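Undergrad: Handing you a structure now.
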Amino acid sequence: MSFMKKQLVKTALGVALVCAFAFPASAQETKVGVVSLQAIVERAPQTKAVMDALREEFAPREREIVAKQKEIEELQAKVQKDLAVMGDTERRNAEKNLRDLSREFERLRTEYQEDSNLRQNEEFGVLQRSMLKEVQDYAQAQGYDLIVGDGVLYVSAGVNITEDVLNAVIANYEATPQ
C-alpha cells in the first residue's frame, strides 16, 4: 500500500471512531456547572464562624501585645520627660529597659503573627475541604456530570451554579445545630 492510501485509511478510521463515539454522546445531554469555590468560602456562614472563633482564641494574646506596646509608649514618654534631670547611669538603665521591652514586644508580636497565620491556614484548609465536599454533594444530588471550578475565564448565568451551591451550604449550616 502506498503512503497516500495508508493516510487515507487512517483518516477514514479516525472519522469513523469519532462518529461512533459522538452519536451516543449527543443522544444523552451532559449537565455541566461552574462554581467559584472562593466565592462560596468567602460568603459562607462557616467562614464567619471560623473567623470569630480564631479572633476569640487569639484575643488574650492580642490584649497582651497591646498592653506591652502601651507600656513601651509610657516608658518612652517618661524617659523623654525626665531626660534632662537623669544621670548617666539612670539614663542607660532607662534605655536598656526600653530596648528589653521593645525586644519582648517584637518577640510577642512575631510569635502571635506566626501562630495566628498557622491556625488560619489550618482552619481555612478544613473549611475549603468542607466546601468542596458540599459542592460535590450538591452536584451529585442535582445530577451534574461535570463541575468546573477556578480558572474559568467566562461562564454564562445558565451554568454558573455558585449561588445555588451557596444557598445549599447556608441551608445545611442552618440545619446543623451549632
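The values are calculated or read from the model by the stated rules, or taken from the named source; none is laboratory data. Bear in mind that the values here come from a model prediction, so they are computed numbers and not experimental data. All Cβ positions, glycine included, derive from the backbone under ideal geometry; neighbour counts span all protein chains shown.
Undergrad: Only one of 134, 114, 106, 123 is farther than 19 Å from residue 40 by Cβ, of a type in the set (D, E, K, R) and either outside any helix (DSSP H, G or I) or within 19 Å of the chain's Cα centre (by Cα) (or both). Can you tell me which?
TA: Just a single option satisfies the conditions, and that option is 114.
Undergrad: Also, I was wondering about something else. For the subset of region 122-178 comprising residues that are exposed (fewer than 10 other Cβ atoms within 10 Å of the Cβ) and among the polar types (S, T, N, Q), which member is nearest to residue 30 (Cα to Cα)?
TA: Once the filter is applied, the top-ranked residue is 156.
Undergrad: In region 96-136, what residues are among the acidic types (Asp, Glu) and either out of contact with any helix residue (DSSP H, G or I) (no Cβ under 6 Å at 6 or more places or on another chain) or at pLDDT below 95 (or both)?
TA: 100, 104, 106, 111, 114, 115, 122, 134
Undergrad: Looking at region 75-85, is at least one residue of a type in the set (A, V, I, L, M) and not in a helix (DSSP H, G or I)?
TA: No, every residue in region 75-85 fails to be of a type in the set (A, V, I, L, M) and not in a helix (DSSP H, G or I).
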